[in-house]
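Accompanying notes for the structure given below.
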Amino acid sequence: MSSEVEIGRGKRGRRAYSLDDIALIPARRTRDTEDVNVSWQIDAFHVDVPVMAAPMDSVMSPQTAIEFGRLGGIGVLDLDGLWTRYADPMPLLQEIGELPADSSIARLQQIYSEPIKEELIFERLNEIRQAGVVVSGRLSPQRTQRYWRAVVEAGVDLFVIRGTTVSAEHVSSRAEPLNLKRFIYELDVPVIVGGVATYTAALHLMRTGATGVLVGFGGGAAHSTRQSLGIHAPMATAIADVAAARRDYMDESGGRYVHVIADGSVGKSGSMIKAIACGADAVMLGAALARASEVPGQGWHWGSEATHPEMPRGHRAHVGTVGTLEQILYGPSARDDGHLNFIGALKRTMATTGYSEVKDLQRVEVVVAPYQPA
């Protein structure tokens, strides 16, 4: 049955669903929460929880990346961000939190105009490596060709190429674009790349040899991509489409598995769980972790989209503080809004629906049941 609707006589559109539009249905079997396993494996790395911390300056510093790694996740440092532009970005982080709303974007553009320094890339990643956790850093597609060597020489474990939209076939009349397939093939480091939101685009990215793909763009708490560019990807549909591409690519490649990581619109524990139910192997959290008491943003949240010198597609958002990183991941919680104890919620849902492994939760029954979240 077609899911297309008629927008007008000359245009039809496919009906797509957000994570708020769907709900999970328990099956006939339930389990004890102590009997479920929430770990996952990406490339050679066994990770305690299926959560990555988004490479955003409001969330990740070298120290919070280390702390997040010790808590069982993977912290991704933004190598386009303040920590590779300034030897001591702490005064600037304090200033960003105190900026008036009407001038915050202009000042962010000024602050982020400072050039990236390769020696700081090495220093920051080496600091994380010395702590003994998984080392992961992100570059934008535009800066990957220039700085990738510094990232690899620093000893990165997982290389993340993250942009608003990343394609396997970028066309440019001005410069030779990054050839992802050749780049990933020649790079002796696993690469996670995105964002992407369609079956076809995801399939092409998987064919480049990527270890994982990031699903989503323009759906985060600090994004305004839908308002400024008219681009938006309802996440439930996007994840399910990319999961279908993963399935078909496994058949095409003779069994090669590419991890699907939901990146955006996952601000609460219920959204994380529904993202996994739609086919994600893990999630990348931004705003959810920006609410931690020890992160650099101190209750404020922004992404690289807000700092673009010509076309900002995001803003500085106040998300407040709800607890520590450990409380956000593991609780305990005295709130009922899904902002604390993400892993406890995942375990309880798995137990309630009868699944013992995170991967198995992708088989849970899902219904369309739209509601307006509080």
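Looking at region 64-78 only, could you name the residues that are more than 14 Å from residue 286 (Cβ to Cβ) and either part of a loop (DSSP other than H, G, I, E, B) or free of Cβ contacts under 8 Å to residues at least 12 places away in the same chain (or both)?
Passing the criteria: 71, 72.
Mind listing whichever residues of region 128-143 are part of a helix (DSSP H, G or I) and over 20 Å from residue 42 (Cβ atoms)?
Answer for region 128-143, where residues must be part of a helix (DSSP H, G or I) and over 20 Å from residue 42 (Cβ atoms): 130, 141, 142, 143.
All but one of (1) over 30 Å from residue 321 (Cβ atoms); (2) without any contact (Cβ under 8 Å) to a residue 60 or more places away in the chain hold for residue 147; state the number of the condition that does not hold.
(2)
Every residue, every condition in (1) assigned to a loop (DSSP other than H, G, I, E, B); (2) surrounded by 24 or more Cβ atoms within 10 Å (Cβ to Cβ); (3) of a type outside the set (Asp, Glu), yes or no:
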{"position": "233", "(1), (2), (3)": "yes, yes, yes"}
{"position": "236", "(1), (2), (3)": "no, yes, yes"}
{"position": "252", "(1), (2), (3)": "no, no, no"}
{"position": "256", "(1), (2), (3)": "yes, no, yes"}
{"position": "260", "(1), (2), (3)": "no, yes, yes"}
{"position": "272", "(1), (2), (3)": "no, yes, yes"}
{"position": "276", "(1), (2), (3)": "no, yes, yes"}
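Could you tell me which of the residues 288, 317 is in contact with a helix residue (DSSP H, G or I) (Cβ under 7 Å, 6 or more places away or on another chain) and small (Gly, Ala, Ser)?
288
Name the single residue that is farthest from the chain's Cα centre (by Cα) among those in region 182-207 being farther than 14 Å from residue 160 by Cβ and in a loop (DSSP other than H, G, I, E, B).
188
Which one of these does residue 298 not meet: (1) at pLDDT below 95; (2) out of contact with any Lys or Arg (no Cβ under 7 Å at 6 or more places or on another chain); (3) closer than 23 Å to residue 108 by Cβ; (4) assigned to a loop (DSSP other than H, G, I, E, B)?
Every condition holds for residue 298 apart from (1).
When residue 83 is evaluated against the numbered criteria (1) of a type outside the set (Gly, Ala, Ser); (2) in contact with a helix residue (DSSP H, G or I) (Cβ under 7 Å, 6 or more places away or on another chain); (3) within 25 Å of residue 276 (Cα to Cα), which criterion, by number, is the only one it fails?
(3)
Could you check region 22-51 and list, in sequence order, the residues that are surrounded by 20 or more Cβ atoms within 10 Å (Cβ to Cβ), among the aliphatic types (A, V, I, L, M) and either free of Cβ contacts under 8 Å to residues at least 40 places away in the same chain or in contact with a Phe, Trp or Tyr (Cβ under 9 Å, 6 or more places away or on another chain) (or both)?
Correct list: 36, 49, 51.
Could you check, for region 214-221, whether at least one of its residues is buried (at least 24 other Cβ atoms within 10 Å of the Cβ) and of a type in the set (A, V, I, L, M)?
yes
Take the residues in region 190-211 that are out of contact with any strand residue (DSSP E or B) (no Cβ under 6 Å at 6 or more places or on another chain) and within 21 Å of residue 225 (Cα to Cα); name whichever of them is surrounded by the fewest Cβ atoms within 10 Å (Cβ to Cβ).
The selected residue is 198.
Which count do you get for residues in region 213-271 that are among the aromatic types (Phe, Trp, Tyr) and at pLDDT 90 or above?
2
Is it fair to say residue 159 is surrounded by fewer than 17 Cβ atoms within 10 Å (Cβ to Cβ), at pLDDT 90 or above and of a type in the set (A, V, I, L, M, F, W, C)?
no
The values are calculated or read from the model by the stated rules, or taken from the named source; none is laboratory data. Being a predicted model, the structure only gives us computed values, none of them experimental. As a convention, Cβ positions derive from the backbone with ideal geometry for all residues, glycine included, and neighbour counts pool all protein chains shown.
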